[in-house]
Amino acid sequence: MTSKWLSSVDMDARKRTLLGISSFLLPLLVWCLVSYVPFVWHPKVHVTDPGGVDYFQVDMLVDKAMFADEVANMEREHLAVPVGQSANPIYLPAPDQVAKAFYNGFVNPPTQKDVPSMPASLWHSIQIIFWGFLISSIIGVPLGILSGTYTLMGRLSEPFIEFFRYLPAPAFGALAVAILGIYDGPKIAIIVIGTLFQQVLIIANTSRKLEVTIIEAARTLGTRGFKLLSKVVVPGILPDLYRDQRILLGWAWTYLIVAELIGTSSGITWFITQQARYQHFDNVYAAIMTIGIIGFGSDLLLARAGRRLFPWDRTQDRR
Amino acid sequence: MNPKNLPSYLDQSEAVKARFDRINQRETILEVRDLGKRFRSPQGEVEALRGIDFSVRRREFVCVIGPSGCGKSTLIRILAGLESHTSGDVLLDGKPVTGPGQDRGMVFQGYSLFPWLTVKKNVMFGPQLNGRGRDEAERDALLWLDLVGLDKFADAYPHQLSGGMRQRVAIARALVNQPRILLMDEPFGALDAQTRSKMQSHLIDIWKNIDVTVLFITHDLDEAIYLADRILVLKAHPGEVQEVIEVPVPRPRSPGQFNTPEFLATKARLEELIHPAPEPEPEDEQAVQPHLIRMTNVTDNVE
């Protein structure tokens with residue numbers, strides 16, 4: 001019976017791809033149902049003809065109950081009855097609207113002057129992520145490896161890091177602005193603060209999990225000091241380190257929105273807040289999804305690259 | 001065979017006696033003098049080894065055997081320099097051992113190959129570390145892989161090999177450094193019976209053809225008798241040398257000797273030393289008391 005649950009190993013590739021696609025199609029299907037089937041949800045009425053109701057206007061969205069009241073009122077008073085169709089609230093655009101917005105966002109320049117274009121906003125966000133993650137990794141990866149390999153180093157650094165990682169990164173926003181100004185500096189700093197401390201602990205843990213026998217074998221072959229680190233520990237943990245980095249990169253993305261709200265709003269966050277202000281929720285959804293697509297897509301690419309980079313890594317066979 | 005008809009394990013044929021005389025004339029490679037090891041554990045101070053005294057001559061094959069907890073692994077790890085000792089001396093060619101070094105090769109029981117390197121690069125690891133050029137190291141590696149019969153697998157990764165093949169690579173990787181002594185810590189313990197006996201014969205072949213001394217740890221009595229010139233029998237709590245047995249089984253050895261009187265006599269003696277009158281079980285084993293309840297139909301008997 002258990003084999004049913006553990007059989008992912010021998011599930012064939014086609015079935016796996018099919019399930020993978022379905023996992024995306026199912027939520028989309030739900031979204032389509034809610035958007036296109038009039039009797040599913042649709043709590044509002046989109047007014048096409050106000051009739052005799054003085055405060056109704058064409059294209060207005062009113063609550064269904066309110067609309068029904070007014071219809072009853074008008075009938076009682078023998079005035080023109082308002083006409084409208086069931087609709088969803090403005091904050092839930094239909095899939096086709098979002099798809100259109102997505103296409104427009106990349107093809108057409110924005111209509112408003114004070115609103116940045118989606119590609120430009122995204123590019124700015126990607127740069128913030130890149131620098132934040134790079135700086136964090138330059139410090140975090142070596143520190144993590146050292147802490148995991150040398151007990152002394154681990155004892156010295158980890159308690160403080162363990163404490164620091166509970167401090168919410170956004171709490172340092174005001175401080176970061178005071179020190180680094182209002183532009184990209186504090187945003188990068190927030191991503192670094194949000195990622196670095198987790199990174200050190202995760203990578204230290206990964207380093208500790210390297211088989212002791214492998215290190216001992218290397219020592220009996222005459223490896224000592226720094227070479228033990230560079231020729232044995234690092235190559236030994238590299239596939240896991242790479243996997244950690246992929247997870248941590250996802251982590252960095254989750255700090256992006258908070259980071260971009262600090263100082264002057266910028267990047268995709270600025271785009272989203274501006275579009276929401278104009279009630280262009282189709283654009284908001286398109287932007288949110290783009291973040292998802294970029295994050296997920298880059299992770300897929302990195303996973304594929306990982307399989308090529310580490311042909312000996314057997315944990316990958318199990319995916 | 002009736003044990004009463006067995007010769008004494010101390011009886012040696014002329015050829016065997018002459019062989020031991022020759023061995024005893026060779027220089028000493030490894031000398032262990034009054035070696036002791038104590039360490040602190042949550043249960044208090046433990047004496048793992050006490051007063052271990054023995055020496056190994058050049059190109060001798062010595063097996064160390066003993067019940068679990070006798071410290072045989074600790075002993076070999078001290079010899080390899082992976083652990084420190086608290087008293088006595090370990091001398092290799094008369095010089096004290098202070099840490100791991102290329103003069104002592106080690107083959108572990110577990111999986112010790114570098115998984116990120118191909119078989120060939122695993123073997124090249126030692127020579128390259130030693131400052132040899134790439135080409136020279138590669139030539140050496142291929143030579144040794146040929147010797148263990150794995151030249152065709154030079155570019156495979158360790159995970160693509162079977163357990164026996166991995167241990168062959170581990171042996172090649174240790175021998176390429178041309179160590180004075182090869183330390184083997186239950187190297188065939190994880191292999192199936194058939195592969196194990198193949199590896200034993202193969203190890204003897206290697207040892208015959210190469211100037212190397214072997215110290216081999218095992219808990220398998222047959223393996224010890226089949227391989228060894230001398231067997232060091234340890235006892236547990238604390239680990240002490242109980243007896244050093246000169247194996248009377250003549251060389252060249254073959255699996256056909258497993259039923260010869262000398263072999264059986266030696267085995268009987270080892271069994272006497274290692275499994276004496278039943279000892280009280282250790283406490284943690286006593287704590288395990290299965291409570292069996294009948295979970296099948298009363299009529300459904302299997303025995």
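Here, each number is a calculation from the coordinates, and none is a lab measurement. In this text, all values refer to a predicted model and were calculated from it rather than measured experimentally. Using ideal geometry, Cβ is built from the backbone for each residue, glycine included, and neighbour counts are taken over all protein chains shown.
Observations, loosely collected:
- Residue list for the stretch B:84-104, restricted to those being surrounded by 17 or more Cβ atoms within 10 Å (Cβ to Cβ) and more than 10 Å from chain A (Cβ to nearest Cβ): B:85, B:88, B:90, B:92, B:97
- The residues of the stretch A:26-74 that are surrounded by 11 or more Cβ atoms within 10 Å (Cβ to Cβ) and of a type in the set (Ser, Thr, Tyr), listed by number, are A:35, A:36, A:48.
- Within the stretch B:36-66, the set of residues being within 18 Å of residue B:97 (Cβ to Cβ) and touching a Phe, Trp or Tyr at 6+ places or on another chain (Cβ under 9 Å) comprises B:48, B:62, B:64.
- Subset of the stretch B:3-30 that is of a type in the set (S, T, N, Q) and outside any helix (DSSP H, G or I) - its residue that is surrounded by the most Cβ atoms within 10 Å (Cβ to Cβ): B:12
- Pick from the stretch B:44-83, criterion more than 14 Å from every other protein chain (Cβ to nearest Cβ) and among the hydroxyl-bearing types (Ser, Thr, Tyr), ranking: surrounded by the fewest Cβ atoms within 10 Å (Cβ to Cβ): B:68
- Residue within the stretch A:244-262 that is within 11 Å of chain B (Cβ to nearest Cβ) and out of contact with any Pro (no Cβ under 7 Å at 6 or more places or on another chain) present: no
- Count of residues meeting criterion [surrounded by fewer than 17 Cβ atoms within 10 Å (Cβ to Cβ) and either facing chain B (nearest Cβ under 7 Å) or acidic (Asp, Glu) (or both)] in the stretch A:209-226: 2
- Residue pairs whose Cβ atoms lie under 8 Å apart, separated by 6 or more positions or on different chains, with the first residue in the stretch B:128-144 and over 16 Å from residue B:169 (Cα atoms) and the second assigned to a loop (DSSP other than H, G, I, E, B), are B:129/A:221; B:129/A:222; B:129/A:223; B:130/A:222; B:130/B:102; B:130/B:177.
- Selection of the stretch A:277-297 for residues being of a type in the set (Phe, Trp, Tyr) and either touching a residue at least 40 places away in the same chain (Cβ under 8 Å) or not in a helix (DSSP H, G or I) (or both) yields A:278, A:281, A:285.
- Looking only at the stretch B:82-121, residues that are among the small types (Gly, Ala, Ser), out of contact with any Asp or Glu (no Cβ under 8 Å at 6 or more places or on another chain) and more than 29 Å from residue B:139 (Cα to Cα) come to 1 in all.
- Subset of the stretch A:106-136 [more than 19 Å from the chain's Cα centre (by Cα), part of a helix (DSSP H, G or I) and more than 14 Å from residue A:184 (Cα to Cα)]: A:106, A:107
- Sole residue being without any contact (Cβ under 8 Å) to a residue 40 or more places away in the chain, within 14 Å of chain B (Cβ to nearest Cβ) and not charged (D, E, K, R), chosen from A:311, A:239: A:311
- Lone unmet requirement of (1) buried (at least 21 other Cβ atoms within 10 Å of the Cβ); (2) of a type outside the set (S, T, N, Q); (3) in contact with a Leu (Cβ under 9 Å, 6 or more places away or on another chain) for residue A:259: (3)
- Hits in the stretch B:51-87 - residues which are more than 19 Å from residue B:226 (Cα to Cα) and either part of a strand (DSSP E or B) or of a type in the set (Asp, Glu) (or both): B:51, B:52, B:53, B:54, B:55, B:83, B:87
- Where residue B:124 falls short, out of the listed (1) of a type outside the set (Lys, Arg); (2) within 13 Å of another protein chain (Cβ to nearest Cβ); (3) surrounded by 22 or more Cβ atoms within 10 Å (Cβ to Cβ); (4) not in a helix (DSSP H, G or I): (4)
- Restricted to the stretch B:105-121, and to residues there that are in contact with a strand residue (DSSP E or B) (Cβ under 7 Å, 6 or more places away or on another chain) and outside any loop (DSSP other than H, G, I, E, B), the residue that is nearest to the other protein chains (Cβ to nearest Cβ) is B:106.
- Residues in the stretch A:227-236 that are within 12 Å of chain B (Cβ to nearest Cβ) and among the hydrophobic types (A, V, I, L, M, F, W, C): A:228, A:232, A:233, A:234.
- Filtered residues of the stretch B:53-98 (kept if without any contact (Cβ under 8 Å) to a residue 24 or more places away in the chain and at positive phi): B:81
- Residue list for the stretch A:39-58, filter: assigned to a strand (DSSP E or B) and under 38 Å from the mean Cα position of the chain (by Cα): A:44, A:45, A:46, A:47
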